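The values are calculated or read from the model by the stated rules, or taken from the named source; none is laboratory data. Since the structure is predicted, the reported quantities are computational estimates derived from the model, not experimental observations. Heads up, the Cβs are rebuilt from the backbone with ideal geometry, glycines too, and the neighbour counts pull from every protein chain shown. Calculation scope for accessible area: heavy atoms of the full protein, side chains included, ligands and nucleic acids excluded. Shrake-Rupley method; radii C 1.70, N 1.55, O 1.52, S 1.80 Å.
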Amino acid sequence: GVTRLLLTRIPFFKEIIVSSFACDSCSWSNTEIQSAGRIQEQGVRYTLAVTSRQDMNREVVKTDCATARIPELDFEIPAFTQKGVLTTIEGIIDRAVAGLEQDQPIRRATDEEVANKIDEFIGKLKQLKEVHSSFTFIIDDPSGNSFVENPHAPQKDDALVVTHYRRTPQQAAMLGLELEEKPADSAEDLRNEVLQFNTNCPECNAPANTNMKLVQIPHFKEVVIMATNCDSCGHRTNEVKSGGAIEPQGTRITLRITDPSDMTRDILKSETCSVEIPELEFELGMGALGGKFTTLEGLLKDIRELVERNPFTLGDSSAPSKTEKLQEFIGKLQEVKGKTKAHFIMDDPAGNSYLQNVYAPEEDPELKVERYERTFEQNEDLGLNDMKTEGYELEGASAR
């Protein structure tokens, strides 16, 4: 047979390898997808409430290290039991049914009782495809490279919940990641020095250098800025992370855009920050675009590029209605840049995001900063519910 490989880049998952095998003798064919980019900094969990037949047609990217679950049937496809695929929710169920039916003739000959139970379970899986009643479909990927389509993009999908989480040491070991902790050198003054370390370019994978610098933002806090410049392909990227701890309260920042000069305001968007523009019915979830230190115009430009390069709305298979809807949204987003008055909202449960107050240290009449108490779910996403910083020494001593 012949195996064909396609190296391509999808904005949501960076680089991927699509492989296809076909045999002319028996007409058997197979397709697989593998992530060729980096493992994401956080794992991701997609929880979808399937309520209609249309939901079965949602595009799904499932990597080989992802776990798929349907809690209503107590059904789970463990990690590393299937190759990565680009399919639909119906396709994942069909693959599961085909896998269970494969050894049924042998089971009927050796253990008929087990075979009958599996036949009954296969019937339940096939019933799910008709969606007579709603069920929950969950994909949990510690590598962060899986994806479930939002057919209402760029609007928020109420049926789909996306959760980003920190990997456990066991999940990191499963992915082959080694976490080494090095003692900090207190004598080294990092604030007056640009640190440089070797890495690979995210575009062409050629050796490149990443510069890291601690920067104090006026009227805010200290942040870490990392910038990578590739000499081979010219690609440049920058990322920003908070240099301090998670704040006691979350922060919600609302800016009323009234003038083109608002586009020049500095913005620090952390990884845990979500962005909302109510006038456009647009919401960007936490984890998307990563951490950025830019201007309001720069962030809107990044949002536009993310929407334009959506792989599920491009090419011959894209629906005209979706393409028209996205083009209309891009046009409205372009008008926000000083032509149309709108509200720009940043909601960061960790309290590590910042929007420049041009009147500082006086109050900005167009800028509203609210502090709020985090919910249990938000603390769970940040990993704070199980974190204990006081009294753990006594508990450890009593356990020994």
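What to note about this one:
- Among the GluC sites (Glu not before Pro) in segment 263-295, those located in a DSSP loop and surrounded by at most 13 other Cβ atoms within 10 Å of their own Cβ are Glu281.
- Tensor-based shape of segment 250-382 (alpha-carbon gyration tensor, a/c under 1.5 rounded, otherwise prolate or oblate): oblate
- Sorting Met387, Met346 by accessible area puts them as Met387, Met346; the probe is 1.4 Å, largest comes first, and only protein heavy atoms count.
- For the residue pairs Lys341/Lys368; Lys241/Lys269; Lys124/Lys156; Lys221/Lys292; Lys83/Lys129, the alpha carbons lie more than 19 Å apart in Lys124/Lys156; Lys83/Lys129.
- Model label points for Ala22 and Glu72, set 7 angstrom from Cα along the Cα-to-Cβ axis, are 3.8 nm apart.
- Heavy-atom accessible surface of Phe197, to the nearest 10 Å², is about 90 Å², with a 1.4 Å probe and all protein chains retained.
- Within-10-Å neighbourhood charge of Thr88 [Cβ basis; K, R +1; D, E -1]: -4
- Taking 0.36 nm per residue of sequence separation and removing the Cα-Cα distance, the Leu177/Gln127 pair yields an extension gain of 14.0 nm.
- Estimated FRET transfer efficiency when R0 is 25 angstrom, pair Glu390-Leu195 (beta carbons, to 0.05): 0.15
- The solvent-accessible area of Glu112, taken with every protein chain present and a 1.4 Å probe, is close to 120 Å².
- In order along segment 361-368, the Karplus-derived 3J(HN,Hα) couplings, from 6.51 cos²θ - 1.76 cosθ + 1.60 at θ = phi - 60°, round to x, 7, 6, 9, x, 9, 10, 10 Hz, and Gly and Pro are given as x.
- The amide H of Thr237, built 1.01 Å from its N in the peptide plane, has Thr228 as neighbours under 5 Å, considering only residues 5 or more places off or on other chains.
- When Cys23, Cys201 are compared by accessible surface with a 1.4 Å probe, the order from highest to lowest is Cys23, Cys201.
- Listed options for Rg and Dmax of the Cα atoms in Å are (1) 24.3, 82; (2) 25.9, 85; (3) 32.8, 100. The value calculated from this structure is the one marked (1).
- Lys368 accessible area, assembled protein chains, probe 1.4 Å, Å²: 110
- Rounded to whole Hz, the Karplus (6.51, -1.76, 1.60) HN-Hα couplings of segment 289-306, x for glycine and proline: 6, x, x, 9, 10, 8, 9, 4, 5, x, 5, 5, 5, 5, 5, 5, 5, 5
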